[in-house]
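J.: What follows is a single structure, and I will ask about it in a moment.
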Amino acid sequence: MNDRYSFLNTIHFKDIEFLYKKYKENPNSIESSWSAFFHGFDFGKENYKGSKKNVIKSESPDIQKEFSVYNLIQDYRKRGHFFTNTNPIQKRRKHIPSLNLKNFGLSEKELNTTFEAGKLIGIGKTTLKNIINHLKNIYFGSIGIEYIYISNPEKIQWIEKWFSKEKLQFSTEDKKFFLKKLNEAITFENFIHTKFVGQKRFSIEGNESTLPALEEMIEYTSDKYLTEDFIIGMSHRGRLNILSNFFKKNYSHIFSEFQGKEYKEKIFSGDVKYHLGFSSLRKTRKGKYVKMSLVPNPSHLESVNAIVEGITRAKIDILYNRNSNSEKIIPILIHGDAALSGQGIVYEVLQLSKLKGYKTGGTIHIVINNQIGFTTNSIEGRSSIYCTDIAKTLMSPVLHVNADDVESVVRAIYFAVDFRMRYHEDIFIDLLGYRKYGHNEGDEPRFTQPSLYKTISKHPNSYNLYKEKLKKEKIINDNEIKNMEKEYFNILNIKYHEASNIKWNILNSFLEEEWKDFPIVLNNEEIFKKVDTRFPIEKIMKISNQIFSLPKKKKFFKKTEFLFRQRLEMVKKKLVDWSMAELLAYGTLLYEGIHIRLSGEDVARGTFSQRHAIVKTEEEEEIILLNQICIEQGKIQIFNSPLSEYGVLGFDFGYAMYSPHVLTLWEAQFGDFVNGGQIIIDQYISSGENKWKIRNGIVLLLPHGYEGQGPEHSSARIERYLQLCANNNLFVVNCTTPANFYHLIRRQMKLKYRKPLIIFTPKSLLRSAKCLSTIKDLATGIFQEILDDPYIRDIKKVTKLIFCSGKIYYELLNKRESIQDEKTALIRIEQVYPLQIKKIEELIKKYKNKKEIFWVQEEPENMGLWSFILRKLGNFMSFNLIAPYESSSPSTGSYPDFVKIQNKILEKAFI
């Protein structure tokens, strides 16, 4: 069957003619329902004996009516979601035209007329009345379906068949379970509301059906698809309810957090209770165990999306054989309506969903739709009709569901799971509910939405609605209900009193099992302990020849061949430049069995055409020489990312959050571009350990250096990272030699703990004749936090010390050589944080004849390292600053001005 000719979004006579022609040639060449349609009508015998023109000008009223019925069917499919009963508290907006029969050239007189068009929806030739009832059963009611924009006809057909099935009939046991979970959701909120008056909890009330929805998701997927792992991201709304009643976090611990107790471990700042993460192993009703993780999140809504996808991908790569279509794991993102349509990170993460390096087999999106954002109405908060309209960029189906109808909510969950497992693509469920209180329980919503909240105050919750429904169905009686409510309330009461006996709050570590071998290290003794990163020189030579030799039987671009010849020539001289040292750091780690992930904008070749970790033949075959070192080596994965910082950096941070044994690197195209991902840096990378007790070893590569390229391609904003440094939370490094960079990369995986590593990498130094190291340096050296001046012949002559960091060192060195200065020593700060102050003190004492100490930087005075250095060292030593004047812009846009500024720095340094 040829799917090209399946259901059309709109019907035209020329389309009918074309399909009919295909039908005449071969009835099996078109979609089966169309074949049945043409067969029943018997077009060829009766009405279409003329030319093509006669086909479309047929005057048969029956045929015209059939087309009218078909158009009616198509409009139900395309626009039926506008006319559903999906909003529990507000009238639907009027959408014109309606689905009134007269809008399709039909009338009530024809309700008992039979039409062949019924075959197109799988119910055979039948009356118009039956056709309409069938359509209303699918497209009206408590679920509205958006899907007709999908370009794949097979998917459309599958969706329609799924919803055409007889509606799910839930067992008595199932219905009682749904009621039980609704009771838990409502009672939990009411209990806190009365016990902790005025405290924020961000109640789930108005969307409490989310709880049975999640319960049924793990039950259904673990039973039908054998899913065993769920990674969930959500913001604050309903989080405590989900933590307690779904993740089974101890109620007494939650109540203790409400009582405002301190954390036992004073070294951690902790976070508010509705931001904390949690991991658990849960047993389903059918006795299967599933792993569930709720990722910690900040108040920056939707930022957690990227983290969830990264964790999921790491698990896929590590646990599930790199099968991105694995049914073993599902990422679930629970959104708020205002954030979903308002936060750009949503789009960035969605664009990752089908990409080789980032796909996770499809995410199930659930929207807790309060129909309001803080105090902002939906008509003020978005231009689109629905908050989920962003789903259409991926052609993902959307189900709009009345959150008061728990059985429809569960049915939507079943569809979402089946769709995800069949197509391994994203799917959205829009749970239309409301928010019982204001943004938080202390906020007054009637200031801005008095009419809406008058309606909400009178609206029965879904528990009471469903309770009455089940009573009418004779499924449950008042006595059973009373016992159920009492039993759960007693549990809460017992746990409430237990909380009073808890002295300290406990900050649970997220993903503790995965990180049990990696302690959290905060003390200087361990931080500054030397790490052995040496590697045998003979093995380095062997690896060098393997990763710098192009396959002889392949054809490559001439410049590629020239570049690799140069690399081999340098190896013969026992020298390496920056890029070679980087690749050898990866190569030696791979040789030792360590896996690597390198991701970011243009990382395969490198922004400055320096890396070439993936080489392409003239036929564009991709070759990764680093994966051809030896049989039992680790594997490196290299992925050019979309032009996204926020989303991709968050994804790779999430990846590193689960994989302490994998070297995970993210590179910015230029260092200053990372400010697009500042939220990930501020809320996760720098503070995640202190707030949430999470560990992470991600490496950021940020090209930095002033070469006259203008304000946007000069500074990676080092000063911003230094403001975030405290309690040994980060490594911030600005290397000046290939060997030190090599050992730094190797050190990251040799440490017994993990910290995020921020590396400011060079640009012009990539091809500098002076920025070279020997292979012996790689083999026998270690990482040096501070580099003393190696060119000083007579220490007694030194009267001036210049401290600096990064590329400016080489310009100072060139200037010193040109004027044959012997009285100035150049000392490099390689690891800026944590700063090795003792080593600096030793060097200062070493140069006994010093008279002046300068700090020299090419960044403006108000930027760069100066403020940090002054704060750290200014109490015990006197510095003079040499730097450009303070500026609101990192650099001039004029190259001649840049040259003047640099020359002025150098002249001042050697006066």
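J.: Taking 0.36 nm per residue of separation and subtracting the Cα-Cα distance, what length does fully extending Gln628 through Lys165 add? Each step should come with its number before you reach the end.
T.: Values: separation 463, 0.36 × 463 = 166.68 nm, distance 5.20 nm.
Answer, rounded to one decimal: 161.5 nm.
J.: For the chain, what's the relative contact order in percent, using C-alpha pairs closer than 8 Å and at least 6 residues apart?
T.: Computed over the chain, the figure is 10 percent.
J.: Run the simple label-point estimate for Glu487 and Lys770 please: 7 Å along Cα→C-beta, distance reported in nm.
T.: 7.9
J.: May I ask you to derive the FRET efficiency for Lys904 and Gln820 from their Cβ-Cβ distance with R0 = 25 Å, giving the value to the nearest 0.05? Intermediate results must be reported in sequence, preceding the final value.
T.: Details: r = 21 Å, r/R0 = 0.83.
Plugging the Cβ-Cβ distance into 1/(1 + (r/R0)^6) gives 0.75.
J.: Sort 755-761, 568-574, 649-655 for me by packing, meaning the mean count of neighbouring Cβ atoms within 10 Å per residue, highest on top.
T.: Averaged packing, sorted descending, gives the order 649-655, 755-761, 568-574.
J.: Now for a different question. Tell me, what HN-Hα J-couplings in whole Hz come from the Karplus equation 6.51 cos²θ - 1.76 cosθ + 1.60 at θ = phi - 60° for each residue of segment 896-911, using x for Gly and Pro?
T.: x, 5, 4, 4, 4, 5, 5, 4, 5, 4, 5, 5, 5, 5, 10, 5
J.: Under a point-charge model restricted to the Cβ atoms of Lys and Arg (+1) and Asp and Glu (-1), what is the dipole moment magnitude of segment 87-133 relative to its Cα centre, in debye to the nearest 20?
T.: On the way: 9 positive and 3 negative charges, 63 e Å.
The dipole magnitude comes to about 300 debye.
J.: A follow-up question, please. Where does helix 478-499 land angle-wise versus the long Cα axis of the chain, in degrees 0 to 90, nearest 10?
T.: 10
J.: Now, a different point. For the chain, give me the percentage of DSSP beta bridges that are antiparallel, rounded to the nearest 5 percent.
T.: 25
J.: Computed FRET efficiency, Cβ-Cβ of Gln259 and Lys283, R0 22 Å: what is it to the nearest 0.05?
T.: On the way: r = 30 Å, r/R0 = 1.35.
Using R0 = 22 Å, I get an efficiency of 0.15.
J.: Can I ask one more? Among the lysines, which have Cα under 22 Å from the Cα of Lys129 when same-chain residues fewer than 8 positions away are ignored?
T.: List returned: Lys65, Lys78, Lys102, Lys109, Lys119, Lys161, Lys165, Lys167.
J.: Moving on. Give the calculated FRET efficiency between Asn523 and Ile96 to the nearest 0.05, with a Förster radius of 56 Å applied to their Cβ-Cβ distance. Spell out each step's value before the answer.
T.: Details: r = 70 Å, r/R0 = 1.24.
Efficiency computed from Cβ-Cβ geometry: 0.20.
J.: Further question on the same structure: Using +1 at the C-beta of Lys and Arg and -1 at the C-beta of Asp and Glu, which of Gln199, Gln723, Ile345 has the Cα lying farthest in the positive direction of the dipole of the chain?
T.: Highest projection toward the positive end goes to Gln723.
J.: Just to confirm the filter: which GluC sites (Glu not before Pro) across segment 234-328 are DSSP coil and have at most 14 other Cβ within 10 angstrom of their Cβ?
T.: Those that pass, being in a loop and sparsely packed, are Glu262, Glu265.
J.: Please name which of Leu870, His275, Asn849 has its Cα lying farthest along the dipole of the chain towards the positive end, using unit charges on Cβ (Lys, Arg +1; Asp, Glu -1) and the Cα centre as origin.
T.: Highest projection toward the positive end goes to Asn849.
J.: Here's something else I'd like to know. Along segment 366-377, what does the Karplus equation 6.51 cos²θ - 1.76 cosθ + 1.60 (θ = phi - 60°) give for ³J(HN,Hα), rounded to whole Hz, x for Gly and Pro?
T.: Karplus-based 3J(HN,Hα) across segment 366-377 equals 10, 9, 7, 8, 7, 6, 6, x, 6, 10, 9, 6 Hz.
J.: Can you list which of the chymotrypsin sites (Phe, Trp or Tyr not before Pro) found in segment 552-607 are DSSP loop residues with at most 12 other C-beta atoms within 10 Å?
T.: Phe557
J.: List the lysines whose Cα lies under 29 Å from the Cα of Lys553, skipping any in the same chain that are fewer than 8 positions away.
T.: Candidates past the 8-residue exclusion: Lys356, Lys539, Lys542, Lys572, Lys573, Lys574, Lys616, Lys635.
J.: When the chain is fully extended, how far beyond the present Cα-Cα distance does Ile911 get from Leu226, taking 0.36 nm per residue of separation?
T.: Stretched fully, the Ile911-Leu226 segment lengthens by 239.2 nm.
J.: How compact is segment 598-679 by the rule of thumb for globular proteins, expressed as Cα Rg over 2.2 N^0.38 Å?
T.: That works out to 1.18 for segment 598-679.
J.: While we're looking at this one, here's another question. What is the helix-to-structure angle for 837-846, meaning the angle in degrees between its Cα long axis and the longest Cα principal axis of the chain, kept from 0 to 90 and rounded to the nearest 10?
T.: 20
J.: Can you match Cα extents along the principal axes in Å to one of these, [x] 114, 81, 61; [y] 110, 78, 52; [z] 76, 70, 67, based on a calculation from the structure here?
T.: [y]
J.: What does the C-alpha gyration tensor say about the overall shape of segment 401-480? Classify as rounded when a/c is under 1.5, otherwise prolate if a/b is larger than b/c, or oblate. Kindly include the intermediate steps, with their values, before the conclusion.
T.: Numbers: a/c = 3.23, a/b = 1.21, b/c = 2.66.
Verdict is oblate for segment 401-480.
J.: Among the trypsin sites (Lys or Arg not before Pro) in segment 819-909, which ones are in a DSSP loop with at most 10 other Cβ atoms within 10 Å of the Cβ? Mind listing them?
T.: Those satisfying the criteria are Lys848, Lys851.
J.: Lysines near Lys200 by alpha-carbon distance under 18 Å, same-chain residues fewer than 8 away left out - which ones?
T.: Counting by Cα, and skipping residues close in sequence, Lys200 has these lysines nearby: Lys261, Lys273, Lys436.
J.: Let me ask another. With each run of n ≥ 4 DSSP H residues scored as -39500 (n - 2.57), what mean residue ellipticity at 222 nm is computed for the chain after dividing by its residue count and rounding to the nearest 500 deg cm²/dmol?
T.: Values: 32 runs with 353 residues, N = 911.
So the helix-based figure for the chain works out to -11500 deg cm²/dmol.
J.: Hey, which of these cross-link pairs are over 30 Å Cα-Cα: Lys195/Lys458; Lys181/Lys458; Lys815/Lys848; Lys392/Lys458?
T.: Lys392/Lys458
Read-outs: derived from the displayed coordinates by stated rules, not from any lab. As the structure is a computational prediction, the values presented were derived from the model and not from experiment. Quick reminder, even Gly has a Cβ in these numbers, built from the backbone with ideal geometry, and neighbours come from all protein chains shown.
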